[in-house]
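Every number in this text was worked out from the coordinates using simple rules, so none of it is lab data. These numbers come from a predicted model, not from an experiment. Don't worry about glycine lacking a Cβ; one is built from the backbone with ideal geometry, like all the others, and counts go over all protein chains shown.
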Amino acid sequence: MDDNNKNNEETIDSVPLLSRKRVMVPAFIALFVLTVSALYWYLNFSGTVSTDDAYIDGNRVTISSKYLGRITQLTVDEGSVVKQGDVLVRLDVSDLSAQEKQAKASLEYAKQNAELARVNLEKAQEDYTRGETQFNNAIIAKEQFDHTTKAFEAAKAQSAIASAQVETAKAQLGVVDTQLANMVIMAPMDGVVSKRWALPGDVVQMAQPILSIYDIDHLWVTANLEETNFSQLKLGQHVHIYVDSYGGKKFDGKIIQLGSNTAGQFSLIPPNNASGNFTKITQRIPVKISIAYVGPKNKAEPELVPGMSVEVKLKVK
């Protein structure tokens, strides 16, 4: 019995350690996975700052009217490409056209009145000059000369009033002309119409949005990074940008502006930490990041538009 046990022990001990596949192969695979994972973490996450609280941003302008009016024509629609100075909206000018005619008539009346006042002033001045000579030569009484003097002064005042009326009529006509010019709304910049808020026939109020235009040729990324990482950020730092819409396609960028306040300061209800029931929350600070590529150079390349979700990652060590 002892001889059999001794033979079995010798048989097990005679097997090489490396040939024990049931133990070594899983251990080797686990060690390999751990090594690769540690290397991946070190290369991609060690000394990096990242966030998925980021999106494509750009300059946007809202087109609105300065006056109450009815839309008679919209020359563009959503998705239309516009250039600075292109006509976008025309408003009804029927009432203003009537006011323009009235203002022109008032101006013409004021000019004729001013001409009459000028003629009366010339006549009063001649009477004054003649009366002064006659008074000095004792031909007329002082009372008559005083009446001539007063008539001359009144004529000068009437002439000044008539001239002022002309300027007032010109100003009124200028106001109407300005309003007429504002009934035609033009694009303030190059861009793409992203949203149409009204249709022809709608009556829009002053400052009511009609169109929204984005400048898609000059885009950037707005990333809200945690305040605990803010001290490690510097202008010009290289940033990797991954766009969700294109399967995480990577773009290059640089930090071009660091926020001067937390994003919560401009929320609908800014945080008020003065209350006794205070819960500390890590705030986020917006960082502006340039994009090396912003528009499609050919059909094979993706197009970036404002609002796309992205993830940013940058090395800080």
Calculated FRET value between Val203 and Thr129, using beta carbons and R₀ = 51 Å, to 0.05: 0.25
Distance (nanometres) between label positions extended 7 Å along Cα→Cβ at Lys315 and Glu78: 4.4 nm
Ile210 long-range amide H proximity, modeled H, under 5 Å: Ile63, Ser64
Ala105-Asn137 pseudo-label distance in nm [points 7 Å out on the Cα-to-Cβ vector]: 5.1 nm
Percent of Cα-Cα distances greater than 20 Å, calculated over segment 143-250: 74 percent
Extension gain from Glu167 to Val119, taking 0.36 nm per residue of separation minus the Cα-Cα distance: 15.4 nm
Spacing of the two label points (7 Å from each Cα toward its C-beta) at Asn59 and Asn277, in nm: 4.6 nm
Computed P(r) (all Cα pairs; segment 93-182; 5 Å bins; percent): 3, 15, 16, 13, 11, 9, 9, 7, 6, 5, 3, 2, 1, 0
Neighbour-count ranking [beta-carbon atoms within 10 angstrom, fewest first] of Ile210, Ile29: Ile29, Ile210
Interchain or long-range residues, amide H under 5 Å from Met189's placed H: Gly85
For peptides 180-189, 262-271, 305-314, sequence by mean Cβ density within 10 Å, most packed first: 305-314, 180-189, 262-271
